[in-house]
1. Collect the residues in the stretch 247-282 that are within 15 Å of P38 (Cα to Cα), within 40 Å of the chain's Cα centre (by Cα) and not in a loop (DSSP other than H, G, I, E, B), keeping them in residue-number order.
2. Only one of (1) assigned to a strand (DSSP E or B); (2) farther than 30 Å from A640 by Cβ; (3) open to solvent by 20 Å² or more (accessible area, probe 1.4 Å); (4) of a type outside the set (S, T, N, Q) is not met by E363, so which one is it?
3. Which of the residues belonging to the stretch 48-99 are more than 22 Å from Q30 (Cα to Cα), open to solvent by less than 50 Å² (accessible area, probe 1.4 Å) and outside any strand (DSSP E or B)?
4. Here's a check for you: in the stretch 510-542, which residue that is open to solvent by 40 Å² or more (accessible area, probe 1.4 Å) and of a type in the set (A, V, I, L, M, F, W, C) is farthest from the chain's Cα centre (by Cα)?
5. Restricting the search to the stretch 141-178, which residues are outside any loop (DSSP other than H, G, I, E, B) and closer than 21 Å to P33 by Cα?
6. Does the stretch 189-201 contain at least one residue that is out of contact with any Pro (no Cβ under 8 Å at 6 or more places or on another chain) and closer than 30 Å to F391 by Cα?
7. Could you check, for the stretch 206-218, whether at least one of its residues is open to solvent by less than 80 Å² (accessible area, probe 1.4 Å) and in a loop (DSSP other than H, G, I, E, B)?
8. So in the stretch 283-315, with the set limited to residues that are outside any strand (DSSP E or B) and hydroxyl-bearing (S, T, Y), which one is nearest to T381 (Cα to Cα)?
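The values are calculated or read from the model by the stated rules, or taken from the named source; none is laboratory data. As the structure is a prediction and not an experimental result, all values here were calculated from the model. Backbone-built Cβ (ideal geometry, glycine too); neighbour counts: all protein chains shown. Ligands, DNA and RNA are excluded from the accessible area calculation, which covers all protein heavy atoms including side chains. Shrake-Rupley method; radii C 1.70, N 1.55, O 1.52, S 1.80 Å.
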Amino acid sequence: MRLVSVALLCLAVTAGVAHAQTPVAQFRLQDQPHVDVPFHLDVIAEGFEETPAIAQPKLEIAGATVTPVGVQPNVSRSIQIINGRRIDATRVTWVMRWRVLTAKQGVLKVPSLTVNQGTKQAVVGSADIEVEVVPVADDMKLALELPDRPVFVGETVPAKLVWLFRRQPQQNPKFSVPLMSLDTFTISNAPVTGNRDGIELAVGAKTIKMPYTVDRATVAGVEYNRLTVDFYVAPRSVPTGGKLEIPPSSVAVALPVGRANFFGEAPSRLFRATDTTRTLEVKPLPVTDRPPSFAGAVGDQYSIEVRTSRSVVQLGEPVQLDITVKSNQRLDALALGKLDTEGRLPKDKFTVPDEPATGELSEDGKAKTFKVIAQVTGPATEVPAIAFSYFDPTKGSYQKIHSEPIALSVKGGSVVGAGDVVANAPAKRPVTETASDLDPVKADLALSTPGAVSDHPLRGTLLWILIGLLYVVPLALLGFRSWRVRTAGQREEAAEVRTARRRVEELLDRSGTAPARELAGPLAAALRDLSRVLDRNLEPSDAALLAQLETESFAPEAAGRPLSTDLRSNAAGLMRRWLTESRRGRLTPAGKGRKHAAVASLLVLGLLPSTARADALSEGRAFYQEAMELAGDATGRKNAFARAAVALGEAVRQHPDRPELLADWGNAALGAGDVATATLAYRRALALDGRNARARHNLEWLRGKQPDALRPIASAGATDTLLFFHQWPRSQRLLVGACAFAIAILLLVPWTARRRRGIAAIAVLPLAVWIAMVVSVVAEDRNRDDAVVMDGVVIRAADSAGAPATLGQPLPRGAEVTILERRDAWTRIRIASGASGWVPAGAVEPVLR
């Protein structure tokens, strides 16, 4: 940084000591100026007051482009106490900043400036600034990518700044993008998200952080690091000749040169890369056939939705309208325009502010909500459909869409509904029938009974507890009874063993006192009986012991003395040895059976899964009954159906598992002409209960109104008749299968020791039912990827608003599609004919949530 000549500055600084309140000002540079690299030039002014604000003087430098950045006061306050006296001091420093860009090497002559604030004035002397050249790096490239087609005034188009580099930068790059400083363009960008900080770029007088991505790219066989900054450009006016020459963009950054030292630090030097001059053709919007509601919106896809703060007002009271416009592009520059023009709010019924409303952008910038206070000044029965016009650059013509009308009750007027005015609806809206077309002969608009509307398939924890019991209890009974039957003989044998053992133990206890002649023979007999019960063959040593006992009873002295201690001990040891060996060799089928039964029970348990408001429902049914009674008033009937659809939709959000309620919601939407909501409701009702006659009949009727390419193929015939249970609710098939399994297992349970083959053969029938239910549940296609088009939308060949359309006509509301892939804000779908493409994610609603 060098400021070669700052003539008057030194005088101003030295004078500041003698006159603290004398205004002084001087130039100050932030960085060393370089060719094609923007730098900041500041004026530091002191001795001025905090208020009023100082106007930034105009600065012009020959051979350079100067852009004012802003004026900011820096205020510091201090308190001193000297000899008990408090002294308050305030110091105000004003900073004025300009951004300077020059394409010439050499000295820039900065003229003198005068800074004024009321009666105070300071003069900044002229100065010279030396500008150096930054060498061009061969391993860096910069490109500003703009659309290669003409764009229209007001059209928001994507643009990219792509920087390719090979060496690792030693500091943040400094970009110069002249396009962003042109007054003829509006620049917008997505907000910076995540942990990564944005790239700072100068947009007009501001510095904005823009999000970027970094990846690898190969260009002409050379691999580069690639930094991409995505932003949006909207031309404000048509340049002279229709083509705008955009000066080259540039980037300057410090790159390493030479060899790194021991600490990995290498010397660096500033290098730059420069793009070429770009040309953008801008076309004016046609004046012919421009609608009165057009306010400058340009694009190929928009939608509009209106909500009100309340539906019942007094004449003269205000009502807030929330008008949301959505698009497939950012809407930073979108304006709503006046609401009291043709096709919007009639002046004899509503009064709106003269100044246009300021919109609020959504997080992704693709939706903008305008809050407008409208005063009801006439006998209005609704907020009419509000027109929104835009110019479609792909079609080269103006397009007009409408919001849905909203019911409004004004005291003293008649109450009407949400779908009233058919004449104000868009001319091309597929499958939207008038109230007279919705004849019960064609569509079954009957309302469900009060009891049926609360019916819903069993589900949740209670369902799985019942299914678990139906599987576990029969299996437990089968295991228990099978064990009892298999071990009956063993248990009888165990009883005989216990009796024989107790007999031996009793005689051994008496043998210590009773004469040997009385007990020796019976003890030998008891041991032989125990051997028989244990199914043992006597070994020679065992037989010898028994013979000794029998001989002992005939000894001459046996009548007067008991058995000897050795003989009693040998007899007791023999009994214990037999019993021990018998236990070791027994394992047995009984123990195995218990283990297998336990394992089977655990396996079954392991396979088991883990575990509306009444006023909205009653209000919806009341509106529905009112609609059914208005047979001769098509408009009133449609209004009542619309109110019923709103209330029943709220009830469905509270109770999404009631098929009859879903069918009622679909019927109300169908009666109001909302075929998209009706189709969605019928599909969800049939997903819960495929036997719902009203939903099935009306869905088939709606499908009959769709073009052949959009009509799903309905399977019907002998297979559906034979496999009728496929239409049952999933929970019902699970319960029927569990009951059939329980019956089959209970028939196989051996309740008695004698098996009855006839009863066991009957178990084949419930087992077949169980297999059919299991196969039906496992193999069913739940259509988890099915969806319904909720807004008419163009299906495109790629996930981009600029991609060509794959169909000649937009997809109508209510079309049934299959979701193939989701990618950010886009969804790839397939229609019934097999054609596929991309639509905005918000345009389709999945059938299963």
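1. Scanning the stretch 247-282 gives S250, V251, V253.
2. Here E363 meets the rest and fails (1).
3. Once the filter is applied, which keeps residues that are more than 22 Å from Q30 (Cα to Cα), open to solvent by less than 50 Å² (accessible area, probe 1.4 Å) and outside any strand (DSSP E or B), the stretch 48-99 yields only F48.
4. Among those that are open to solvent by 40 Å² or more (accessible area, probe 1.4 Å) and of a type in the set (A, V, I, L, M, F, W, C), it is A525.
5. Across the stretch 141-178, the qualifying residues are L142, K174, F175, S176, P178.
6. Among the residues of the stretch 189-201, not one is out of contact with any Pro (no Cβ under 8 Å at 6 or more places or on another chain) and closer than 30 Å to F391 by Cα, which makes the answer no.
7. There is at least one residue in the stretch 206-218 that is open to solvent by less than 80 Å² (accessible area, probe 1.4 Å) and in a loop (DSSP other than H, G, I, E, B).
8. S311
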